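The values are calculated or read from the model by the stated rules, or taken from the named source; none is laboratory data. Note that this is a predicted model, so its numbers are computed, not measured. Cβ coordinates were reconstructed from backbone atoms using ideal geometry, including for glycine residues, and neighbour counts include every protein chain displayed. Side chains included, ligands, DNA and RNA excluded: accessible areas come from the protein's heavy atoms. Shrake-Rupley method; radii C 1.70, N 1.55, O 1.52, S 1.80 Å.
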Amino acid sequence: MHLRNSKIIVIKIGSSLLVDNNDKIRKKWLSSFAKDIKRLRSKNKKIIIVSSGAIALGCKKMRYEKNNLKIDKSQAIASIGQIELMNLFSETFSKFNLNISQILLTLDDTEERRRSINAKRTFENLFNLNYIPIVNENDTIATTEIKYGDNDRLASRVAQITNADTLILLSDVDGLYTKNPKIYKNAKLIKKVIDLNKDIQNVNIKGTTKFGSGGMNTKIEAAKICTLAGCNMIIANGLYINPINQIEIKNNCTWFLSKISKLQARKKWIISSISPKGEVIIDEGAKKALSNGKSLLAAGIKKVSGSFNKGDHIKIVDNKRKEFARGLSSFSSEEINKIIGCHSNEIRKILGYISKSEVVHKDDMVKI
């Protein structure tokens with residue numbers, strides 16, 4: 001169990017890692033964390049950071065007590081704190097020549113399929129631009145009904161929509177214990193969880209620890225989301241200097257291992273769709289290419305049926321109208337009608353903007 005094979009890593013850090021109990025910013029810790037990120041990037045890892053701390057830093061600046069804030073006041077404080085938070089990251093990461101960007105998300109952005117597809121494209125473009133996305137929940141506009149309320153599950157959704165290999169939840173304990181380690185000296189660290197139902201059935205989750213805004217419960221919920229998406233998850237102690245390096249050297253943490261691959265999880269989701277929005281009819285050349293594991297290109301499409309948007313489920317049928325495959329379209333039906341039969345290098349000129357070259361990528365496709 002290691003990070004060596006992880007290409008995309010999501011790391012969640014809580015506000016307690018950025019601000020200590022005396023309301024002082026832990027600058028030394030953040031610098032060590034940035035150094036860890038620099039090292040991961042040198043190994044060609046794509047990194048996404050999900051960070052708490054906007055409200056904590058807003059309260060620090062305005063000298064407010066966080067516990068006494070009502071939601072409308074906390075939204076205003078969050079808008080102040082988000083600038084403070086990003087300035088803190090920018091100031092620290094720039095010393096290591098690391099570029100950062102900010103992505104603000106609400107529950108709807110990850111739960112509504114089309115919006116999550118758009119978010120995924122944004123992450124991909126930021127990777128290509130050599131930037132590290134820093135994700136915050138959009139506390140400035142989110143109401144109680146559309147809030148995650150904790151960044152553990154938000155991080156798991158980010159890991160899911162970006163097809164991440166590993167999610168690291170940095171906590172204030174080494175991982176999941178059999179009992180609360182702060183109360184019971186005989187509590188044992190659970191190093192590996194393969195089956196969530198069996199391996200932790202005798203663990204009193206509510207009694208293990210309470211930290212952050214959700215406690216261990218939300219971390220277990222995050223693990224369920226990750227493992228079903230083919231993503232491994234780690235709960236580790238983030239209070240150490242160079243916390244990621246500590247994971248790799250000591251491995252004194254809890255790993256939640258997925259039993260299915262990312263591709264299996266994705267393709268199961270695709271094939272389970274009960275209402276494809278439309279279909280594309282392909283020629284024999286495209287059918288042969290798809291049979292050989294290739295993506296569907298515009299050049300092999302003969303006709304479009306139905307009206308659909310980018311990210312929608314569609315059927316792929318042969319010239320006898322027999323369903324051959326099913327997948328997620330990278331283009332709307334309107335866009336495909338404009339590029340039917342065209343080579344990939346012509347698409348940008350026809351549409352007038354940069355887009356994907358594949359109409360349906362092979363990873364977004366399941367042959368029937």
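The set of residues in region 98-123 being open to solvent by 40 Å² or more (accessible area, probe 1.4 Å) and touching a residue at least 24 places away in the same chain (Cβ under 8 Å) consists of Asn99, Gln102, Leu104, Leu107, Asp108, Glu111, Arg113, Arg114, Asn118. Restricting attention to region 127-142, the residues that are at pLDDT 80 or above and either buried (at least 19 other Cβ atoms within 10 Å of the Cβ) or not aliphatic (A, V, I, L, M) (or both) add up to 10. For region 231-259, residues that are in a loop (DSSP other than H, G, I, E, B) and free of Cβ contacts under 8 Å to residues at least 60 places away in the same chain total 2. Inclusion of Ser291 among residues that are open to solvent by 60 Å² or more (accessible area, probe 1.4 Å), more than 16 Å from Ser357 (Cα to Cα) and more than 29 Å from the chain's Cα centre (by Cα) is warranted. For region 143-160, a residue qualifies if it is surrounded by 17 or more Cβ atoms within 10 Å (Cβ to Cβ) and either touching an Asp or Glu at 6+ places or on another chain (Cβ under 9 Å) or at pLDDT 90 or above (or both), and the qualifying residues are Tyr148, Asp150, Asn151, Asp152, Arg153, Leu154, Ala155, Ser156, Arg157, Val158, Ala159. The residue list Asn202, Asn186 contains one member that is modelled with pLDDT of 80 or more, open to solvent by 40 Å² or more (accessible area, probe 1.4 Å), over 30 Å from Lys73 (Cβ atoms) and part of a loop (DSSP other than H, G, I, E, B), which is Asn186.
Scanning region 231-265 for residues that are surrounded by fewer than 22 Cβ atoms within 10 Å (Cβ to Cβ) and among the small types (Gly, Ala, Ser), we see that the one that is modelled with the lowest pLDDT is Ala265. Highlighted here are the helices (runs of 4 or more DSSP H) found entirely within region 7-121 that include at least 2 residues which are among the aliphatic types (A, V, I, L, M), under 18 Å from Pro133 (Cβ atoms) and more than 19 Å from the chain's Cα centre (by Cα): 27-42, 71-94.
For region 299-332, the tally of residues that are open to solvent by less than 10 Å² (accessible area, probe 1.4 Å), touching a Phe, Trp or Tyr at 6+ places or on another chain (Cβ under 8 Å) and under 22 Å from Arg121 (Cβ atoms) stands at 3.
Pairs meeting the criteria (first residue in region 153-178 and part of a helix (DSSP H, G or I), second residue aromatic (Phe, Trp, Tyr), beta carbons under 9 Å, at least 6 apart or on different chains) are Leu154/Tyr148; Arg157/Tyr148; Val158/Phe123; Ile161/Phe123. Checked against (1) under 18 Å from Ser344 (Cα atoms); (2) in contact (Cβ under 8 Å) with a residue 12 or more places away in the chain, Ala289 passes all but condition (2).
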